[in-house]
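As structure tokens, the structure follows; a few thoughts come after it.
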Amino acid sequence: MSDARSPAQIEADIITRREQLAVVLDEIGVRVHPKTIIGDAKAKAAEAVDRTAGRAFVAVNRTVSDVRAQFVTEDGAPRLERVIPVALLAVGVVGLLTVSARRRGK
């Protein structure tokens, strides 16, 4: 019977277990505290916003680069065969809107 413990050893084990339980209960108390829960929720929301904003930035940046590539060569020179038709189209749309606004004003 080498497993026999003295009352002092049992009491020491009980004290150790109580201290461990107190630490665990303190940790649980911190985790379920409303401020901790709100802080965690805020952190998760901020992380989601940052992630979404990052993805949006990458998508917009890629789109801008793709559109720019359509109108500018790799060395930075404008592609006149594409710029001039788009510019003419823009001028035409602005002209039509101006004429339409003037007709409504009469």
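The values are calculated or read from the model by the stated rules, or taken from the named source; none is laboratory data. In this text the structure is predicted, and so the values were computed from the model without any measurement. Quick reminder, even Gly has a Cβ in these numbers, built from the backbone with ideal geometry, and neighbours come from all protein chains shown. To get the accessible areas, we keep the full protein, side chains included, count just its heavy atoms, and leave off ligands, DNA and RNA. Shrake-Rupley method; radii C 1.70, N 1.55, O 1.52, S 1.80 Å.
The share of accessible area on the chain that comes from carbon and sulfur is 64 percent, using a 1.4 angstrom probe. Summed over the residues of the chain and divided among them, the accessible surface reaches 91 Å² per residue at a probe radius of 1.4 Å.
Here the label points at T73 and V23, each 7 Å from Cα along the C-beta direction, are separated by 7.1 nm in the simple model. Our estimate of slack between T98 and D66, defined as 0.36 nm per intervening residue step minus the Cα-Cα distance, is 8.4 nm.
Restricting the calculation to Cα atoms, the chain yields a radius of gyration followed by a Dmax of 35.4, 111 Å. Once the Cα atoms are used to define both axes, helix 80-105 deviates from the longest principal axis of the chain by about 80 degrees.
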